[in-house]
Structure formats: C-alpha cells, structure tokens
There are 2 protein chains.
Amino acid sequence: MHDCIRVLVLGTGQMGSGIARLLLEKPGIELAGVYARRKERSGLDLGPLIGLDIAVGIVISNDLDATLEKIRPDIAIQATCSRVADAAGELSTLIRHGVHVISIAEEMAYPAASSPAISEQLHRLACAHRVALLGTGINPGFILDLLVIMLSGICSDIQSITARRVNDLSSYGPTVMASQGIGLSPEAFQKGLENKTVVGHIGFVQSIHMITAALGWEIERIEEKQEAIVTHVRRQTPFVSIEPGQVAGCNHTAVAYRKGKAVITLIHPQQICPSLEGIETGDTIEIEGTPNVSLSGAPEIPGGQATCALAVNMIPRVLTASPGLHTMADLPVPAAMLGDARLFVNRYKREQMYD
Amino acid sequence: MHDCIRVLVLGTGQMGSGIARLLLEKPGIELAGVYARRKERSGLDLGPLIGLDIAVGIVISNDLDATLEKIRPDIAIQATCSRVADAAGELSTLIRHGVHVISIAEEMAYPAASSPAISEQLHRLACAHRVALLGTGINPGFILDLLVIMLSGICSDIQSITARRVNDLSSYGPTVMASQGIGLSPEAFQKGLENKTVVGHIGFVQSIHMITAALGWEIERIEEKQEAIVTHVRRQTPFVSIEPGQVAGCNHTAVAYRKGKAVITLIHPQQICPSLEGIETGDTIEIEGTPNVSLSGAPEIPGGQATCALAVNMIPRVLTASPGLHTMADLPVPAAMLGDARLFVNRYKREQMYD
C-alpha cells in the first residue's frame, strides 16, 4: 500500500484540536503537522494542547509557508476562522503549494454566497494547481442544507421547506458565547447586533444558496432576524453564569422568498442550558411538496463532534475530486470512513475509472 | 437551449405509469416513447392507461429494438421488473443503442450483491458504449441505505446501525399483495416462503452491501427472517379483504454480522391497514456511534411517489455521470429538479469542468 495520507491541520481551537485527535487515530492517515495563528502556541507540542497526557512529537508552527515546505502534506484541514475573506489567504497559500483543502469556515460551505469574486479566484487557483477545495461542517454544510437537498430528491414538486435546529451551547467556550450575546442584557444584545459584536448563526445565506442552486429555484431576497432569548431562570456553564432577565442565547431565523412567497424557512435558536426552561433540542426538516417529507431527531446532532468527523471523513473524497472549488452538494454523499483511509481513496478512484 | 432530453419509459405498471405522468409535466424533457412487456398493451395510447382523459399521442410499443431505432432516446427509465437477471436483457439492449439508463429494479440498486457477474458485464458494456447506468428507488436506493450512509458521514466511529421502515401497502395492487402473502392463512404463508411465491421485501442484501461498501466494513453473513403479520381485525383494501387469523403482511428483517456481532439491522414490516391495529407507520434510522445519530419521520415516506420522483430527478445526474455502472452512493446527492431539466444538465457539466 502507498504511504499514509499526510494531513496538515490549521487551527488549534476546539475544532482544530478535535480534528487533530481524530486524525491521530485514523489508519492510513499521518497527522503531518499543525499550524496555529496564535503566536504563543508556536513551538508547543500538540499532545497536551488536545488533551493528551503525552507529547506526540508534533510541534505547532506559526509559519504556514515554512511548514508546507517542510512537511509537504497531501491535504489540509482549515479550522481557523468563519469568513471567506478571512480564510482566503491561508487557502491560497495551501493551494499554491499543491495541497488539497477542506475548510470548516462557515462561509466556505457555499463561498459564492458571501464572496463571489474571492470564490471565483479560489476556484481558478485550485484548477491551475490541480487541487480540490471543499467547505464543509455540520451547519452550514449538512443539517440545514445537504440533508434538505437529499430529502428533496424524492419530491416531484415542492411548495416550501422548513428546517429547524434547536441546540445547546453549554459546552462551548467564551468566543461562541460572545458571538451569541450570552450573558448580556437585552439592551446590550440589541446594541451588539447593531455594532456586529453579536452575530448569531453564520451560515443561513450559505445554506439557502446551496439549496436553491440544487433545486433550480431563483429567489428574490433573504430576510434574517436575530432575537434575544431572555432567560427566566438561572443558567450556568463552566464559562458563564446568567441570571433571570439576561440573554441566554440568540434565536436566529432566515426566510427566503420566491415570487413573493416564503419558500425556505431556517430556524436556529442557540442558547445555553435550554432544558432548564423545558426546551427540547433537536433537528427537524419538513418539506411541503409531492410527497410531503418530514424527518426529525432529538436531541440535536452534536455540532462540534459531527463537524470534526465530517471534515475527516471527506478527506478521500476531496483527494479524488476534480480540481477546483466544490460544495457538499456536488460531491457524492459523505460516509463514515471506518477503515484505512487509503482504501477509500483507491475505491473512489476505481469508481471514476472506466474501461 | 438544446433540444429536450428524450426519455423512453420501460413498463406500464404502477411505477412506469407514475414516471410517465411526471415526465409529461417536466420542462426540458420529452417523453419520447413507452415500451411494455405485456403484448396486449402494444398499440394503445399512453394517455388513458396512465389515468389521463385524453390521448397523448404516445403509442405503447412491445418491440424494444424497433422503438429504440425509431425514437433514439437519450436516456431510458426501466420499471419492468425486480431482479438483475430479469432486467439485464433490456438493459443490454438499451446500452448497445447508446442510451443511458436508470433502473428501479430493486436488485439494480446494488446489482453486485445478487449478480456480480452480470453486474461486471453491464459495467463493461456501459463503459464500451460510453453510457451511465444507475439503479435507484426509495428502498433499496434511499431510505434504508443512502440516507444511512449520509448520516454515517458525521460519525467518527460506528458500533451498530438500525433502520426501520414500517409502511402501509393498502394502495398497492394484486402483485404486491401476493408477494407479501396478504390474504393467506399462516400455514399457506409458510408454504409460500418455502416455494418462493411469498418473498417479502426485495432489497435488504442490496442495502446492506451498499452500506458496508461505503463504510469499509467487511461482514461475515446476512440473516434474513420473514414472519407473517396475522391480523386480529378485519382489514380491507380495494384489492383484498382479510379476516382475523389471516395474513395482513410480512415482517421482514435482515441482520448483518461483523466479527460475530450484529452491526446492521434492517426492519421492514409491510402490511395493509396497519392503523386498524394501532400500528404507526414511519421511517427511523439509528446509528450507535460517535456521535449517536437518530432521525425519524411518520408516516412513512410514500414509496411509489418517491420512487417515481427519484428516478426522474436523477436524469440529469446520470446524463452527466462517467460511463459505467453507478450506485446512488457514488453520485452526488439527489435533488428535486424544479426547473428545466436541461439547465440541470448544463450546471452539472459546469461543476465537473475545470480550467
């Protein structure tokens, strides 16, 4: 069998660490290096940083170009940011080094939605260097878009789509808490929305564009709404403690209109400790069409774990994809990679060959 | 824009008729001809046969070769049979005429499971004639396999998979009733199983092979079990009426073993009027893994409608797929085709191109 697939991870936050942990366990894969934006992490061994008792012999680097020249990875997983504009520099560097890339930056799930010009540049650059680039993640990238598209495949007509993800943010850290306005007063939450320190969910526009492109729908506009979820009880996590009257999260919704009618409604209230007010978490997709389709699950699919797994599971698909920029909707369905990663690469290559 | 996509439908039963009705309504598609195995349908106009008040000017043919030479379709949808061995003759003829094919024959969802030699021949023939061949349908082809695979994509490890489809056969005709042993005594049901007049569900082996191939699991054996669902109340449909003590359907299950452990369990009780005994129909997928995944919907996705829609929705994907035999797991996720079919073909071609 060939040498292991050499993977570089960008990012040492919760997601980058989770991805690195998975890669260390996967047969056929070698975690070849880890890059961090944070200078203070440079030179540290990865092991303790990702919760292992021992050093793993992988030293975190703060110099992407030098790392790439030294370790020459086959593919990189980017977990450093959320926005296309912020991701594009690292992505371009990776592509120029001939490295395939999977990004979990939310906007990269459908980058043309927020940044059509950068998307086009990344696509052309990836084509020129003959590597594939994919954005993925649980949301956007799976629950509120790919799963919706897949279920639409059994419909001959569709009037409207409603998808809802009610999740629990209790396990997340300070960055996520701040982005949802958790712990603020309702007034400070409003001010946070205005000055964009409170953002709610990043990904609605990407999910809607992925769905409408797949279905062939032209839409006129998308309306987003962010509302404070004000708690009536005390709620507490390892990172934050809030009192009645304070903000426990952000109820973020987006509605897409076609011919004046709401055709896609995405609902995603995110908060800490929802169960304390009797709120059940879960994922639901409802298609009003021919036939109607309704699927749901509770509690919600855990976002962090699922995003890490999905990024790793897509490695062999991206390694065998055509050069250029891809979305989850134009690659074959993801699957759990439960054997040696190299066997998956070989199988996907075989599937594409013909006599 | 190019000419319409010319489609030939094989089969004038419930599925063939449903597919023909959908094709007549789809922009960018021309239903170019219909072939029936039943000689007595030859020469009839399609319209009245598929429930329309008027003739549609499409005359049903009983001669496949002559039809192909006359109408020269781009793609055919086969809805004439369930088994690979039975499907292969028509498929070979279609392929030799350079026609892409979508088959809803159950075993064609993963034809290598029942008929590896014929599968290989069909693959080579399709490659030689540079056409794509796909098996699809709601089950096998979607609920108990493709959806399972897709949900596995968010798991980093999996211990076991259980998928259940409880459906209502009340709307089906005499052929389906007979295949499930509906109306028989429990003794006659047993005898029917032995002499293979009662078959239960066709597709478990195909679904299991599709899942295990996607996940990289080697399994040792598959155990199937068919049990009579004996009614305690009178149940009646337009085609059959049964009394307490008679068989209302077949509870068919399949279990796949890996390293001595049951890893995939598929459960599919099919019967008429389940609600009369308080049985709720629905679809459920449960993955015990990291993370656990559970999704369900009730009532069940209607099999006939969904299969017809899925076959039609896959047309542009098959027209733009690489030559050879495909399964739903190696093509991009299906999507509802809600615009002109030619636009989808153009978009899929663009996705595959690079500069």
Of A:VAL56, A:VAL34, which residue is in a loop (DSSP other than H, G, I, E, B), surrounded by 16 or more Cβ atoms within 10 Å (Cβ to Cβ) and touching a strand residue (DSSP E or B) at 6+ places or on another chain (Cβ under 9 Å)? A:VAL56
May I ask you to list pairs of residues, at least six apart or on different chains, whose Cβ atoms are under 7 Å apart, with the first in segment B:294-305 being within 17 Å of B:ILE104 (Cα to Cα) and the second being part of a helix (DSSP H, G or I) and aliphatic (A, V, I, L, M)? B:GLY304/B:MET15
For segment B:193-218, what are the residues that are of a type in the set (Gly, Ala, Ser) and not in a helix (DSSP H, G or I)? B:GLY200, B:GLY203, B:GLY216
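Please give the helices (runs of 4 or more DSSP H) falling wholly within segment B:61-150 in which 2 or more residues are polar (S, T, N, Q).
Helices (runs of 4 or more DSSP H) meeting the threshold: B:84-96, B:116-128.
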Report yes if A:PRO269 is in contact (Cβ under 8 Å) with a residue 24 or more places away in the chain and assigned by TED's automatic domain parsing to the domain that holds A:PHE189, otherwise no. yes
Pull up segment B:219-247, narrow it to residues that are assigned to a strand (DSSP E or B) and charged (D, E, K, R), then point me to the one that is farthest from B:ARG258 (Cα to Cα). B:ARG235
Here is a list of conditions, (1) in contact with a Phe, Trp or Tyr (Cβ under 8 Å, 6 or more places away or on another chain); (2) away from every other protein chain (no Cβ under 14 Å); (3) surrounded by 22 or more Cβ atoms within 10 Å (Cβ to Cβ), and B:MET210 meets all of them except one; can you say which number that is? (2)
For the condition within 13 Å of chain A (Cβ to nearest Cβ), over 22 Å from B:ALA109 (Cα atoms) and assigned to a strand (DSSP E or B), what is the one hit in B:ILE158, B:ILE154? B:ILE158
A:LEU68: passes all of (1) within 19 Å of the chain's Cα centre (by Cα); (2) in contact (Cβ under 8 Å) with a residue 60 or more places away in the chain but (1)
For segment B:154-173, pairs from a residue that is modelled with pLDDT of 95 or more to a residue that is of a type in the set (Phe, Trp, Tyr), with Cβ under 7 Å and 6 or more apart or across chains, are B:ILE154/A:PHE142
Checking the condition among the charged types (D, E, K, R), touching a residue at least 40 places away in the same chain (Cβ under 8 Å) and assigned by TED's automatic domain parsing to the domain that holds A:HIS129, which residue from A:GLU90, A:GLU40, A:GLU30 passes? A:GLU90
What is the number of the single condition among (1) within 14 Å of another protein chain (Cβ to nearest Cβ); (2) in a helix (DSSP H, G or I); (3) more than 30 Å from A:LEU295 (Cα to Cα) that A:GLU187 does not meet? (1)
Considering only residues of segment B:327-352 that are polar (S, T, N, Q) and part of a helix (DSSP H, G or I), which is farthest from the other protein chains (Cβ to nearest Cβ)? B:ASN346
Specify the residue that is nearest to the chain's Cα centre (by Cα); the eligible residues are those in segment B:308-342 that are charged (D, E, K, R) and surrounded by fewer than 23 Cβ atoms within 10 Å (Cβ to Cβ). B:ASP330
Spans of strands (runs of 3 or more DSSP E) in segment A:273-326 with at least 3 residues at pLDDT 95 or above and facing another protein chain (nearest Cβ under 7 Å): A:293-297
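The values are calculated or read from the model by the stated rules, or taken from the named source; none is laboratory data. Being a predicted model, the structure only gives us computed values, none of them experimental. With ideal geometry, Cβ positions are generated from the backbone for all residues, glycine too; neighbour counts draw on all protein chains shown.
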